[in-house]
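Every number here is computed from the coordinates shown, using simple stated rules; none is lab data. In this text, all values refer to a predicted model and were calculated from it rather than measured experimentally. In this analysis, Cβ positions are derived from the backbone assuming ideal geometry, glycine residues included, and neighbour counts consider all displayed protein chains.
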Amino acid sequence: MTFTQKLLIHGGAGTIPKELHKDYHRGAIEALKTGWEVMEHTSNSLSAVEASVQAMEDYPLFNAGYGSVMTEKGTIEMDALIVDGSNMRIGGLIGVSHVKNPISASKVILENLPHHLLFGLQAEEYLQTQGVELVPQETLITQRSRDRLTKYLVEKKSYGDYIEPSKDPERRGKYGTVGAVALDSQGRLSAATSTGGVLGKLPGRVGDTPLFGTGTYADDEIAVSATGIGEKIIEYVLAMKIKFYISQTQSAEVATKLALEEMKNKVEGYAGVIVMTKDFGFSAMKSTKDLVYAFKSQDGDTGDFLSEKK
Ligand code: GLY
């Protein structure tokens with residue numbers, strides 16, 4: 001049986017300032033194009049999601065790779081996970097600071113190790129033995145990231161307390177994690193997510209992105225990549241809930257809508273999520289104000305968040 005190839009990507013949810021919509025759009029469309037070219041050449045969903053996410057890691061506006069948000073100490077700690085749902089191969093990184101493309105480095109783990117996740121300096125040491133070049137942390141920091149941290153630290157002071165992300169999602173503006181899900185002609189589903197985490201986080205904090213079944217998931221039926229405040233996505237186990245609702249409703253769209261609504265009610269959590277299934281369609285939805293996304297299908301179907309608004 002041959003399947004219609006599909007690729008769906010996201011570049012974060014939250015509130016995106018109007019003046020930046022076009023720049024986010026450009027980044028998303030470029031990443032979709034990059035991933036789609038790989039999909040056409042390889043017919044491999046894992047390679048396609050890696051290529052799209054890598055492109056977004058290199059685009060300074062997204063909160064992943066170059067452009068990652070900073071911890072309260074002015075450092076960068078990135079998380080990523082990539083999953084081949086056809087055979088449950090999983091590779092991910094937690095809290096790395098010197099890896100230019102965490103998603104490709106995660107794929108090195110998926111391909112070479114019996115383990116799924118490595119963290120911090122030990123992860124970087126292992127990656128070096130596999131030929132992954134480490135880069136100075138400064139090369140991953142943009143002026144925008146520095147400015148955002150400065151603003152955050154000033155606001156935090158005037159607020160008189162730590163700004164708990166879950167209580168005040170709009171205060172942090174855009175969340176900005178990036179991700180991709182895809183279905184290839186052989187029916188293989190893959191998912192990839194990469195992030196700098198949340199702005200002003202405590203060093204050592206881990207979000208949902210690398211935790212299988214919460215912000216990233218794929219098996220032989222569905223692939224999911226989420227964006228939003230990781231603590232809430234973990235509390236609700238978002239990807240697993242979407243899988244459950246798909247089994248009940250047989251619709252990616254209905255299931256995603258139900259899960260996002262329930263997440264809001266149960267844990268006061270807001271998110272954006274992309275979902276690809278083999279048999280029950282796909283969806284790109286959010287309970288935040290905005291979600292940057294774009295998709296393409298072999299049957300000619302395309303779409304993105306800016307065209308949707310026209
Ligand atoms: N969703 C990304 C994070 O909270 O780290």
Practice prompt. Give me the net charge of K100's neighbourhood, meaning all other residues with Cβ under 12 Å from the Cβ of K100; Lys, Arg count +1, Asp, Glu -1.
Written response: -4
Practice prompt. For K264 paired with Q130, estimate the spin-label separation in nm (one decimal), with each label point 7 Å from Cα along the Cα-to-Cβ line.
Written response: 4.0
Worksheet, complete the sentence: Within the under-12-Å Cβ sphere about Y236, not counting Y236, Lys/Arg +1 and Asp/Glu -1 give a net charge of -2
Worksheet item: Going toward the positive end of the dipole of the chain, with +1 on Lys and Arg Cβ and -1 on Asp and Glu Cβ, which of F282, S86, L183 do you reach last?
Response: F282
Fill in: Reduced Cα scattering model of the chain, Debye log10 I(q)/I(0), q = 0.07, 0.11, 0.12 Å⁻¹
-0.23, -0.57, -0.69
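Of the DSSP beta bridges with both residues in the chain, give the percent that are antiparallel, rounding to the nearest 5. Before the final figure, lay out the partial values.
On the way: 50 of 54 bridges.
Bridges in the chain that DSSP calls antiparallel: roughly 95 percent.
Exposure proxy check: L202, L81 ranked by fewest other beta carbons within 10 Å?
Going from least to most buried by this count: L202, L81.
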Worksheet item: If you bin the C-alpha pair distances of region 13-114 every 5 Å from 0, what whole percents do you get?
Response: 3, 13, 19, 21, 20, 14, 7, 3, 1, 0
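About the Cα centre of the chain, what is the dipole size in debye to 20, counting +1 per Lys and Arg Cβ and -1 per Asp and Glu Cβ, all else neutral?
Numbers: 34 positive and 40 negative charges, 178 e Å.
In debye, rounded to 20, the chain gives about 860.
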Worksheet item: Could you state the principal axis extents of the C-alpha atoms in region 180-310, from the largest down, to the nearest angstrom?
Response: 45, 33, 26
Worksheet item: Using alpha carbon coordinates only, what is the Rg to Rh ratio of region 34-85, with Rh defined as the Kirkwood radius?
Response: 1.10
Item to complete: Compute the whole-percent fraction of alpha carbon pairs in region 237-310 spaced more than 18 Å apart.
Response: 41
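Pairs K107/K232; K100/K151; K73/K296; K33/K107: which are spaced more than 32 Å apart, C-alpha to C-alpha? Don't jump to the answer; show the numbers that get you there.
Values: K107/K232 26 Å; K100/K151 25 Å; K73/K296 40 Å; K33/K107 20 Å.
The pairs that break the limit, which is 32 Å between Cα atoms, are K73/K296.
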Fill in: Charged-residue dipole, Cβ positions (Lys, Arg, Asp, Glu), region 1-73 about Cα centre, Debye nearest 20
200
Response to the item:
Among H21, T139, L7, the residue whose Cα sits farthest towards the positive end of the charge dipole of the chain, when +1 is placed on the Cβ of each Lys and Arg and -1 on the Cβ of each Asp and Glu, is H21
Fill in: MRE, 222 nm, helices only [DSSP H, n ≥ 4, -39500 (n - 2.57), over the chain, to nearest 500]
-11500 deg cm²/dmol
